[in-house]
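Undergrad: Following this message is one structure expressed as structure tokens.
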Amino acid sequence: MSIDGLSNVPVRRGTTINLRVEAETRDLIDDAASVLGKTRTEFMIDTARHHAIDVLLDQRLFVLDDARHAAFVAALDAPPVARPRLSALMERKPAWER
């Protein structure tokens with residue numbers, strides 16, 4: 001049963017990730033974890049998770065002020081620019097169908 005008791009789907013407790021790192025890198029991680037009062041595992045998971053979220057948000061979330069938002073919407077609403085060479089390319093039969 002799940003933690004919230006609302007589902008019969010079992011909760012996965014954890015997955016193992018094995019990493020090989022240089023001793024200097026491990027020591028650096030251990031020092032940083034110690035400063036934050038965390039274990040190596042806690043530090044590595046927290047840091048990797050936060051960085052993963054930042055990377056994904058950088059690809060999916062765009063924060064714009066009002067002027068830039070209006071320009072962005074106007075660009076989306078504008079009719080597409082004619083690209084004759086691109087249109088001709090898209091109309092060609094693919095090599096694997098010739």
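Undergrad: Which of the residues spanning the range 31-50 are more than 15 Å from I17 (Cα to Cα), surrounded by 14 or more Cβ atoms within 10 Å (Cβ to Cβ) and of a type outside the set (G, A, S)?
TA: Scanning the range 31-50 gives a single hit, K38.
Undergrad: Taking the range 20-62 on its own, how many of its residues are among the charged types (D, E, K, R) and not in a helix (DSSP H, G or I)? Spell out how you get there, then give the answer.
TA: Residues of the range 20-62 that are among the charged types (D, E, K, R), as a first pass: 20, 22, 24, 26-27, 30-31, 38, 40, 42, 46, 49, 54, 58, 60.
After this cut, where a residue has to be not in a helix (DSSP H, G or I) as well, the list is 20, 22, 38.
Counting residues in the range 20-62 that are among the charged types (D, E, K, R) and not in a helix (DSSP H, G or I) gives 3.
Undergrad: Please state which of the following conditions L89 fails to meet, knowing it meets all the rest: (1) loosely packed, with under 11 Cβ neighbours inside 10 Å; (2) assigned to a loop (DSSP other than H, G, I, E, B); (3) at negative phi.
TA: Just one mismatch for L89, condition (2).
Undergrad: Is it fair to say D77 is surrounded by 10 or more Cβ atoms within 10 Å (Cβ to Cβ) and at pLDDT 95 or above? Working first, answer last.
TA: Working: surrounded by 10 or more Cβ atoms within 10 Å (Cβ to Cβ): no; at pLDDT 95 or above: yes.
Considered against the rule, which asks whether it is surrounded by 10 or more Cβ atoms within 10 Å (Cβ to Cβ) and at pLDDT 95 or above, D77 comes out as no.
Undergrad: Right, something else. Residues in the range 56-65: is at least one at pLDDT 95 or above and surrounded by 10 or more Cβ atoms within 10 Å (Cβ to Cβ)? Break it down into steps so the answer makes sense when it comes.
TA: Within the range 56-65, the subset at pLDDT 95 or above is 65.
With the extra rule that they be surrounded by 10 or more Cβ atoms within 10 Å (Cβ to Cβ), the set shrinks to none.
No.
The values are calculated or read from the model by the stated rules, or taken from the named source; none is laboratory data. None of these values were measured; they are calculated from a predicted model. In this analysis, Cβ positions are derived from the backbone assuming ideal geometry, glycine residues included, and neighbour counts consider all displayed protein chains.
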